[in-house]
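The values are calculated or read from the model by the stated rules, or taken from the named source; none is laboratory data. Keep in mind that this is a model prediction, so the values were computed, not measured. Counting neighbours? That spans all protein chains shown, and the Cβs are built from the backbone with ideal geometry, glycine included. Protein only, heavy atoms only, side chains kept; ligands, DNA and RNA dropped before computing areas. Shrake-Rupley method; radii C 1.70, N 1.55, O 1.52, S 1.80 Å.
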Amino acid sequence: MSTIHWTEADTVHSAQWHSESAAAAPAQITVADDRMRADTAYRLACRGTALLWRGDFHNARQLLRALSRRIDRKPVPAGAGPAESFHLYRRARGQRARVLGRLIVELEPDHSLALRRAPDVRQACTEVYGSAHEPMVIALTELLGAIGAHEWRENGVVVPALGTRIHPHYGVFSPVRGEYVDLVAAAPLPARHHTAFDLGTGTGVLAAVLARRGVGHIVATDINPRALACARDNIDRLGLTSRIDVQGPGLYPHGRAHLIVCNPPWLPVRPTSTGVYDQESAMLRAFLADLPAHLEPGGEGWLVLSDLAERLGLRTRTELLTAIDSAGLRVIDRIDTRPHHSRPRDTTDPFHAVRAAEVTSLWRLATRIPCQHPKFIKGTG
């Protein structure tokens, strides 16, 4: 955290600045309330001035929507190909987030919000920031994200493959896209499946699916402390703590397993959100490179991966197959499915055609059988 300062009613104030996305602390701050017009707010935000809101909470949300409309009037330029268009789109979305992030609010020492008609945000903020001790200033967009995450956590997400709900935490990828869960729920298990690893477990949903399918003992790992806490919470809710051991932070646990499952982030670009981006395919490559050393004889590795990166020109199928081969692995089978979510049907999405063609696959991998030199084969030379 860093300390920010502003002048209000001829008095200099200060508070701690916090941003979950590591946004820089604002250097210029002006106090804003219900009297500020949207055009004025937009002009100031575009110039880099943060607006510390002191008006009505619902009016702040309306102002945020007004800023969004003004930003969205400027079309995102198209690139020479899908990859360039994607990078230009991400750049525009990043700039959009920075401008919207300049509407800021102050949390009291107990994480309450002292604005008219403000909801009680203390529990939502405690789940994100931990116990409160002093005032803190954050972007309104981040606060709304915390409120939304709290609601997801309270209500949960229905997972048909489990016949129950999974409760995602803030900063942990939610299993709202069910196709990858359905693939793991339906793929044929190895003949021996007493043990399994679920790498990058997130909410713990895939570990729970494997347990429900009869795998005796599962180790679920993640590098994200929030994911580890989330997975433990869900495993406990499902009554599976005796069969699923959550470990981390790290990718691979010690030892070997009959089945190792990994659903890495699908897009090999610099991360801006949880569960979607895997810069330079680092997690994917680490999973493949170390898989042979952790598989029991006759075991399988299941790689669950969308081909969206290939369709966007961010990675080629040849690169994926080369990484599999270089790790000493072979493909036993590939099970494909189409996305069930609503994005492919959204014709306003600039990547509508790409998303409509997207295929998510479960690659069943095994170690290659070492080739025997003829002189070592019985009955030869």
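Being of a type outside the set (Lys, Arg) and in contact with a Pro (Cβ under 8 Å, 6 or more places away or on another chain) is true of ASP222.
To keep it simple, each residue is scored yes or no on (1) buried (at least 16 other Cβ atoms within 10 Å of the Cβ); (2) assigned to a strand (DSSP E or B).
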| position | (1), (2) |
| --- | --- |
| THR7 | no, yes |
| GLN16 | yes, yes |
| ARG43 | no, no |
| ALA78 | no, no |
| ARG93 | no, no |
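Considering ARG122, ARG212, ARG153, the condition of being surrounded by fewer than 19 Cβ atoms within 10 Å (Cβ to Cβ), closer than 30 Å to HIS58 by Cβ, at pLDDT 95 or above and of a type in the set (Lys, Arg) is satisfied by ARG122 alone. The listed residues are VAL181, VAL176, and the only one of them that is within 13 Å of the chain's Cα centre (by Cα) and surrounded by fewer than 24 Cβ atoms within 10 Å (Cβ to Cβ) turns out to be VAL176.
Only residues that are without any contact (Cβ under 8 Å) to a residue 12 or more places away in the chain and among the hydrophobic types (A, V, I, L, M, F, W, C) were counted across region 154-173, and they come to 1.
If you take the residues in region 18-27 that are under 15 Å from ALA45 (Cβ atoms) and surrounded by 12 or more Cβ atoms within 10 Å (Cβ to Cβ), which one is farthest from the chain's Cα centre (by Cα)? Among those that are under 15 Å from ALA45 (Cβ atoms) and surrounded by 12 or more Cβ atoms within 10 Å (Cβ to Cβ), it is PRO26.
VAL137 fulfils the conditions (1) under 26 Å from PHE287 (Cα atoms); (2) in contact (Cβ under 8 Å) with a residue 60 or more places away in the chain except for a single criterion, (1). The residues in region 175-200 that are under 26 Å from ALA124 (Cα atoms) and free of Cβ contacts under 8 Å to residues at least 40 places away in the same chain can be counted, and the count is 1.
Conditions (1) without any contact (Cβ under 8 Å) to a residue 12 or more places away in the chain; (2) among the polar types (S, T, N, Q); (3) open to solvent by less than 80 Å² (accessible area, probe 1.4 Å), marked per residue:
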| site | (1), (2), (3) |
| --- | --- |
| SER85 | no, yes, yes |
| LEU103 | no, no, yes |
| HIS111 | no, no, yes |
| ALA114 | yes, no, yes |
| ARG117 | no, no, no |
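Within region 51-73, identify whether any single residue is modelled with pLDDT under 95, of a type in the set (Lys, Arg) and open to solvent by 90 Å² or more (accessible area, probe 1.4 Å), and answer yes or no. Checking region 51-73: at least one residue is modelled with pLDDT under 95, of a type in the set (Lys, Arg) and open to solvent by 90 Å² or more (accessible area, probe 1.4 Å). The listed residues are ARG317, ARG311, ARG285, and the only one of them that is under 27 Å from ARG192 (Cα atoms), charged (D, E, K, R) and in contact with a helix residue (DSSP H, G or I) (Cβ under 7 Å, 6 or more places away or on another chain) turns out to be ARG285.
Between GLY216, GLY202, GLY178, which is of a type in the set (Gly, Ala, Ser) and either closer than 18 Å to LEU291 by Cα or touching a helix residue (DSSP H, G or I) at 6+ places or on another chain (Cβ under 7 Å) (or both)? Checking each option against the conditions leaves just GLY202. Residue count for region 223-245 under the criterion of being β-branched (Val, Ile, Thr), open to solvent by 70 Å² or more (accessible area, probe 1.4 Å) and in contact (Cβ under 8 Å) with a residue 24 or more places away in the chain: the result is 1.
For first residues located in region 201-222 and closer than 15 Å to GLY301 by Cβ and in contact (Cβ under 8 Å) with a residue 40 or more places away in the chain, partners that are among the charged types (D, E, K, R) and open to solvent by less than 10 Å² (accessible area, probe 1.4 Å) and lie 6+ apart or on another chain with Cβ distances below 6 Å form the pairs LEU206/ASP198.
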